[in-house]
Each structure stands twice: as structure tokens, then as C-alpha cells.
Amino acid sequence: MSDALNYLLKARPETMGHYFAFLKDSGKYLDPKTRNLISVITKVHAQTDRGFRQYLGRALREGCSPMEVLDALLMAFPALGLAKIIWAVDIILDMNIPGFAPEALTQPAAAPTPMAALVAPAPAEWRDVMAARDVPDGEVTRTESQGRGLFIYRDAKTYKVYDSHCPHQNTDITQLAVKGTTMTCPKHQWQFDAKSGDCIKKGKTPLRRIESKVVKGRLLAFW
Ligand code: FES
């Protein structure tokens, strides 16, 4: 749950209680798989990275297959549009879920893959990135945390963390691509501004921003 919801729950427990009761009650006549798929689609519609990862993981754990997830995304095309579907698929690819690998999806259906093998994503959580004071102010830092490439831009006490993979075709952008506060993807030269994450040349899709916070002097990121 987000910090904002936690806050509202504490500040206005009765009011928010109605909201949570509504959420609990809605969908009670749907089977769990349908409920999970609808939850996934709502997260794509709202484009909440963290929520989408959580709901997708839960849908897979509770029995949805990757093909069913893709079906749900594609069926929701009239509401989502292609850009949001691509946004969701980019995150799915980033999560490296074996069941979504093209080879796994095209295997004959005769040999069903055990669900445990399909559900590989580690649950999203706060992960340690580095000491906050070691991030140079006003500069772009490229680092790795738990196997994931990250760009960090710091402006005094504000830290912005981005996935190092290009939103165009997932190329991992290296430190060599950084000039000042600009990163240029080596593959098709899309250019990104580290201050906003926006794509400022060639493409339109911004870098994937990752939620972050500083706790006891450590920069943490959530994925
Ligand atoms: S993959 Fe980065 S610009 Fe095409």
C-alpha cells in the first residue's frame, strides 16, 4: 500500500474503511482468476509500476497463465490503447518471468508447464542501492543493484532513480552513454534527460522511473 493510503487510513479511518469495504465486496461473484486479471488491467490503466508488478505476480501465483494475462491486456485494447499495453509488456519483459519467454509461449500445449516454474518474479520490495551521500549532486550516476542497472540523478536532497534499459527496445544503456545530464541510447540514439527522465530526442517514451527513498543514509529503490 502506498504511503499516501497509509496516511489516509490513519487520518480518516472511518472514511477509508468504507473504501476498503467497497474494494473487498466488489467482485465477490467473480472467480479469483477473473478478479485477478481485472486487477492487473486496472493497474495498467493507471500505469502504476509498483502496483502492476504486485498484481501481476499475484495473478500468476493464483493460477493465471501468461497467455491469459496477454489475452486480458489485448482484450482491454479499446480502453488501454497500444501505448499502455506496450508499457505493461515492457515491465513484464523487465521482470524476466520465464513463462512469458517467446519459446515458452509457443511450446505445444500438450505438456503443461508447472505453475511454480512460470511464477519466477521475486516479489517487489525496497532494495538497497547505495549510500545516499555517495551519489554526486547534480550528476548522473550509473550503478547496479541486485543485478539491475540503474541511473540515479540527484538534485540536493532529491533523488531520481531510473531503470537503465531503454524504453524503445530494452537496450541496457551504459555509463558511456552519459554526457552531463543526458543519456543517449547507443542503439537508435534516443536521448534522455536525467532530470525528468523524458526522452528529448528521436523517441517519445521516457525512461522507466523507479520509486526511491532515503532511509538512514541509504538510497533504496522499490521493484
Ligand atoms: S533501443 Fe534504445 S533507442 Fe532503440
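The listed residues are 194, 156, and the only one of them that is more than 14 Å from the ligand (Cβ to nearest atom) and on the phi > 0 side of the Ramachandran plot turns out to be 156. For the stretch 159-189, a residue qualifies if it is at pLDDT below 90 and either at positive phi or not assigned by TED's automatic domain parsing to the domain that holds residue 140 (or both), and exactly one does: 170. Tallying residues that are among the β-branched types (Val, Ile, Thr), surrounded by fewer than 20 Cβ atoms within 10 Å (Cβ to Cβ) and assigned to a strand (DSSP E or B) within the stretch 142-189 yields 5. For the stretch 197-223, taking the residues that are open to solvent by less than 30 Å² (accessible area, probe 1.4 Å) and within 10 Å of the ligand (Cβ to nearest atom), the one that is modelled with the highest pLDDT is identified as 199. In the stretch 1-105, counting only helices (runs of 4 or more DSSP H) that sit wholly within it, the ones holding 3 or more residues that are over 26 Å from residue 161 (Cβ atoms) and open to solvent by 30 Å² or more (accessible area, probe 1.4 Å) span 3-11, 13-25, 32-46, 66-75, 77-95.
Checking each residue in the stretch 187-223 for being in contact (Cβ under 8 Å) with a residue 40 or more places away in the chain and small (Gly, Ala, Ser) picks out 194, 212, 217, 221. Applying a threshold of 8 Å to beta carbon distances and a minimum spacing of six or more residues, or different chains, the list of pairs starting in the stretch 158-186 at a residue that is closer than 25 Å to residue 220 by Cβ and polar (S, T, N, Q) and ending at one that is open to solvent by 30 Å² or more (accessible area, probe 1.4 Å) and in a loop (DSSP other than H, G, I, E, B) reads 164/174; 174/186; 181/138; 181/139; 181/195. Residues in the stretch 177-191 that are within 8 Å of the ligand (Cβ to nearest atom) and touching a Ser or Thr at 6+ places or on another chain (Cβ under 9 Å): 185, 186, 187, 188, 190.
The values are calculated or read from the model by the stated rules, or taken from the named source; none is laboratory data. Model, not experiment: these values are computed from the prediction. Positions of Cβ are generated from backbone atoms using ideal geometry, with glycine treated the same way; all protein chains shown enter the neighbour counts. Just so you know, the surface numbers come from the protein's heavy atoms only, side chains and all, with ligands and any DNA or RNA stripped out. Shrake-Rupley method; radii C 1.70, N 1.55, O 1.52, S 1.80 Å.
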